[in-house]
Amino acid sequence: MEQLILSGRPVADAYKETIKKKIDAAKAAGKSVALAILTVGKDPASFVYRGRLLKMAESLGAESRCVELAETSTTAEVVAEIQKLNHDDTITGILPMMPMPPHVDQKAVGSALAPEKDMDCLNPANGGALLMGQGRRAACTPRACLAILKFYNIPMEGKHAVVLGRSNVVGKPAALLLLQENCTVTICHSRTKNLPELLQQADIIVAAVGKAGFVTEEMVKPGAVIVDVGINVTDHGITGDVAPEALEKASAYTPVPGGVGVVSNVMMMDALTAGL
Ligand code: NAP
């Protein structure tokens, strides 16, 4: 069977071109386009991710500002910083890096974000709008999944999509976006009883579990389309949630690395330009 590799790079490039034009036009009109990235403490993964976003913002002509709070910052201090950024007219979008230290109430941080500056759909107002099929501020990663499927003209209407994972940042919004495309959607999670049987029925699999090789060969229907969101650091390097033998049965799949992750970062910049 001939397979289509759903590489993220061409999708990202297509978006970047449009985003750059929007940023250039906004700047020419005297508007500021700037992403504020707020970190609390020194989570290494957050700093790696921040570095990538800063580079991308710069390459597209957007400004960025790093706000670094101490590990010991209280929820009130983090919220106060977000409120300052909310009221700063030179800041277009705000991304508080998660996870924050456990003593910080992440829900309070998300709720403090001005909905129009909330870059990764952390404010429940944006989550609610997504549920109602309104607004466009779904989190960046699920939007990246959908952008890839659309870019490669993968038919979605009437297809059975099985989403593995129900986190607020990936699984749940991915399921809602697939529903908006008229998929029939099943969401699986750690308490799902008959997960292999459900997966075997999937025309489209979105895997966001965070476990290397979780989806095995016998779980995949021949010809299924697989979107592998997982990023797992293993002895063999970075791998997704889907085993190589399982990918072989797919008609199309996103590689890891080089698939969803590449497009997710661009979606952050797309969110930044949404209101321009
Ligand atoms: P998460 O918050 O840890 O959620 C994982 C989900 O997987 C949960 O809903 C959990 O179920 C489910 N799960 C865990 N073990 C399971 C099992 N044995 N059977 C069935 N379901 C199981 O992770 P996340 O933030 O959604 O991220 C998921 C993966 O995507 C991670 O590898 C992460 O690194 C990656 N990621 C990639 C990008 C990107 O840009 N490519 C962006 C974000 C995340 P319960 O809810 O029942 O616990």
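Quick one: Thr72 ticks every box in (1) buried (at least 16 other Cβ atoms within 10 Å of the Cβ); (2) closer than 17 Å to Val40 by Cβ bar one, so which box is it?
(1) is the only condition that Thr72 fails.
Would you please list the contacts, defined by Cβ atoms under 8 Å and residues six or more apart or on different chains, that run from a residue in segment 57-73 that is under 30 Å from Glu17 (Cβ atoms) and of a type in the set (Asp, Glu) to a residue that is at pLDDT 95 or above and not in a loop (DSSP other than H, G, I, E, B)?
Glu58/Ser64; Glu63/Ala34; Glu63/Leu35; Glu63/Ala57
Yes/no per residue for (1) buried (at least 16 other Cβ atoms within 10 Å of the Cβ); (2) closer than 24 Å to Gln134 by Cα; (3) more than 14 Å from the ligand (Cβ to nearest atom):
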| position | (1), (2), (3) |
| --- | --- |
| His236 | no, no, yes |
| Thr239 | yes, no, no |
| Pro244 | no, no, yes |
| Leu247 | yes, no, yes |
| Thr254 | yes, no, no |
| Ser264 | yes, yes, no |
| Asp270 | yes, yes, no |
| Thr273 | yes, yes, yes |
| Leu276 | no, yes, yes |
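Looking at segment 179-211, which of its residues are buried (at least 18 other Cβ atoms within 10 Å of the Cβ) and among the small types (Gly, Ala, Ser)?
Ala202, Ala207, Ala208
Under the condition of being closer than 19 Å to Lys107 by Cβ and of a type outside the set (Asp, Glu), which residue from segment 45-79 is modelled with the lowest pLDDT?
Of the residues in segment 45-79, the ones closer than 19 Å to Lys107 by Cβ are 46, 69, 73-79.
Okay, now just the ones that are also of a type outside the set (Asp, Glu), so 46, 69, 73-76, 78-79.
Values: Ser46: 91, Leu69: 98, Ser73: 98, Thr74: 98, Thr75: 98, Ala76: 98, Val78: 98, Val79: 98.
Once the filter is applied, the top-ranked residue is Ser46.
Considering only residues that are within 20 Å of Leu198 (Cβ to Cβ) and either within 11 Å of the ligand (Cβ to nearest atom) or not β-branched (Val, Ile, Thr) (or both), which ones fall in segment 215-234? Show your work before the answer.
Taking segment 215-234 as the starting set, the residues that turn out to be within 20 Å of Leu198 (Cβ to Cβ) are 215-230.
Those that are within 20 Å of Leu198 (Cβ to Cβ) and either within 11 Å of the ligand (Cβ to nearest atom) or not β-branched (Val, Ile, Thr) (or both): Val215, Glu217, Glu218, Met219, Lys221, Pro222, Gly223, Ala224, Val227, Asp228, Val229, Gly230.
If Ala138 satisfies all but one of (1) within 14 Å of the ligand (Cβ to nearest atom); (2) assigned to a helix (DSSP H, G or I); (3) of a type outside the set (D, E, K, R), what's the number of the condition it fails?
Exception for Ala138: condition (2).
Working carefully through the options Val220, Val209, Val266, Val225, find the one that is touching an Asp or Glu at 6+ places or on another chain (Cβ under 6 Å), of a type in the set (A, V, I, L, M, F, W, C) and in contact (Cβ under 8 Å) with a residue 24 or more places away in the chain. Working first, answer last.
On the way: Val220 fails: touching an Asp or Glu at 6+ places or on another chain (Cβ under 6 Å); Val266 fails: touching an Asp or Glu at 6+ places or on another chain (Cβ under 6 Å); Val225 fails: touching an Asp or Glu at 6+ places or on another chain (Cβ under 6 Å).
Only one candidate qualifies: Val209.
From Lys172, Lys107, grab the single residue that is at pLDDT 95 or above, more than 22 Å from Asp270 (Cα to Cα) and of a type in the set (D, E, K, R). Steps first, please.
Working: Lys172 fails: more than 22 Å from Asp270 (Cα to Cα).
Testing whether each residue is at pLDDT 95 or above, more than 22 Å from Asp270 (Cα to Cα) and of a type in the set (D, E, K, R) leaves just Lys107.
Which ones in segment 177-234 are under 20 Å from the mean Cα position of the chain (by Cα) and hydroxyl-bearing (Ser, Thr, Tyr)?
Passing the criteria: only Thr186.
Looking at (1) farther than 19 Å from Gln3 by Cα; (2) within 16 Å of the ligand (Cβ to nearest atom); (3) of a type outside the set (A, V, I, L, M), which is the only condition Gln200 fails?
It fails just one condition, (1).
Considering only residues of segment 153-176 that are closer than 20 Å to Tyr15 by Cα and over 18 Å from the mean Cα position of the chain (by Cα), which is surrounded by the most Cβ atoms within 10 Å (Cβ to Cβ)?
Result: Ile154.
How many residues are surrounded by fewer than 17 Cβ atoms within 10 Å (Cβ to Cβ), outside any helix (DSSP H, G or I) and touching a residue at least 24 places away in the same chain (Cβ under 8 Å) if we restrict to segment 102-130?
Residues flagged as surrounded by fewer than 17 Cβ atoms within 10 Å (Cβ to Cβ), outside any helix (DSSP H, G or I) and touching a residue at least 24 places away in the same chain (Cβ under 8 Å) within segment 102-130 amount to 3.
Please work out if Ser7 is polar (S, T, N, Q) and either under 16 Å from Leu60 (Cα atoms) or free of Cβ contacts under 8 Å to residues at least 12 places away in the same chain (or both).
Details: polar (S, T, N, Q): yes; either under 16 Å from Leu60 (Cα atoms) or free of Cβ contacts under 8 Å to residues at least 12 places away in the same chain (or both): no.
Here the answer is no, as Ser7 does not meet what is asked.
The values are calculated or read from the model by the stated rules, or taken from the named source; none is laboratory data. If you're wondering where the values come from, they're calculated on a predicted model, not measured in any experiment. We place every Cβ from the backbone using ideal geometry, glycine too, and count neighbours over all the protein chains shown.
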